[in-house]
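Below is one structure, written out as structure tokens; comments come after it.
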Amino acid sequence: MKKLFALLAVAITFISCASSKPVSRISADKQKDLSGNWNDRDIRIVCETIIDDCIDSPAIKRFAKKNGRLPYVKLGTILNLSDEFIDTTIIANKFRNAIINSGELKFVASDSEVESLRSEQLAQADHVKVGSEAQVGNETGADFMLQGTVKTVIDQNGKTIQKTYYVDVELFGVESTVVEWSSENSDIVKVLDKKKLKL
């Protein structure tokens, strides 16, 4: 009898371990705040607002009307000046992808991308069949540069913390250095209970 109970216990343990899932998937629109820190849902909320604002900017429309072409934009730096780690390259890439796909702006290569492209141009000059190589000196200059910052404001009362995220993005004229457009999003506000989060 004891052996039977022991076998049953082992079987139940095995079944329960086999059925538990250490990782589960959820759809992006059902993402939960686990730590109270910046996450993918915050990126989507901020980017959608600012991108729409940029695309509808009078400065963009004026440039296209005056010059008869879409403006070329270079992606500058988006600095993380918040109190936590935020990978701002994700924000920058979402901006770039969405704006390119809107058809209202064209992006030129970033500094790191340009270095790779220039190396390829030089390599082609030495190794590629004559007439098919990329020509040096034909790069397209940027009319504007997109830059921004992410900041946080912290308000605390005992074990309760309120975090407000401020994302600022600006579009500079490369030649004039004038700020042609700017936008701010401060919709992301989180209230954290340190007791429940065990911070």
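Quick notes
- Segment 184-199, subset farther than 22 Å from ILE91 by Cα and under 24 Å from the mean Cα position of the chain (by Cα), residue modelled with the lowest pLDDT: LEU192
- Tally, over segment 143-180, of residues that are hydrophobic (A, V, I, L, M, F, W, C) and open to solvent by less than 20 Å² (accessible area, probe 1.4 Å): 6
- Those residues of segment 70-93 which are assigned to a strand (DSSP E or B) and within 17 Å of ILE45 (Cβ to Cβ), in sequence order: ILE78
- Test: residue in segment 150-158 that is in contact (Cβ under 8 Å) with a residue 24 or more places away in the chain and within 21 Å of ILE99 (Cβ to Cβ): yes
- Among the criteria (1) part of a loop (DSSP other than H, G, I, E, B); (2) at pLDDT 90 or above; (3) within 30 Å of ASP56 (Cβ to Cβ), the one TRP181 does not fulfil is (1).
- Where a residue in segment 47-63 is outside any helix (DSSP H, G or I) and its partner, wherever it lies, is open to solvent by 10 Å² or more (accessible area, probe 1.4 Å), with Cβ under 9 Å and at least six apart: ASP56/GLU104; SER57/GLU104; SER57/GLU180; SER57/TRP181; SER57/SER183
- Segment 13-33, subset open to solvent by less than 100 Å² (accessible area, probe 1.4 Å) and in a loop (DSSP other than H, G, I, E, B), residue modelled with the highest pLDDT: ASP33
- Flag for LYS151 being out of contact with any Cys (no Cβ under 9 Å at 6 or more places or on another chain) and modelled with pLDDT under 90: no
- Any pair with Cβ under 6 angstrom, 6 or more apart, that starts in segment 82-104 at a residue that is among the hydrophobic types (A, V, I, L, M, F, W, C) and ends at one that is outside any helix (DSSP H, G or I): ILE86/TRP38; ILE86/ASN80; ILE86/VAL150; ILE91/ILE78; ALA92/LEU75; ALA92/ILE78; ILE99/LEU105; ILE100/PHE107
- VAL130 being among the β-branched types (Val, Ile, Thr), out of contact with any helix residue (DSSP H, G or I) (no Cβ under 7 Å at 6 or more places or on another chain), surrounded by fewer than 18 Cβ atoms within 10 Å (Cβ to Cβ) and in a strand (DSSP E or B): no
- Taken over segment 34-90, the criterion of being of a type in the set (Gly, Ala, Ser), out of contact with any helix residue (DSSP H, G or I) (no Cβ under 9 Å at 6 or more places or on another chain) and either farther than 23 Å from LEU192 by Cα or open to solvent by 40 Å² or more (accessible area, probe 1.4 Å) (or both) is satisfied by SER57, ALA59, ALA64, GLY68.
- In the condition set (1) in contact (Cβ under 8 Å) with a residue 12 or more places away in the chain; (2) closer than 25 Å to ILE50 by Cβ, SER112 is compliant with all but (1).
The values are calculated or read from the model by the stated rules, or taken from the named source; none is laboratory data. Since the model is a prediction, treat every value here as computed from it, not as a measurement. Neighbour counts are summed over all protein chains in view; Cβ atoms, including those assigned to glycine, are modelled from backbone coordinates with ideal geometry. Side chains included, ligands, DNA and RNA excluded: accessible areas come from the protein's heavy atoms. Shrake-Rupley method; radii C 1.70, N 1.55, O 1.52, S 1.80 Å.
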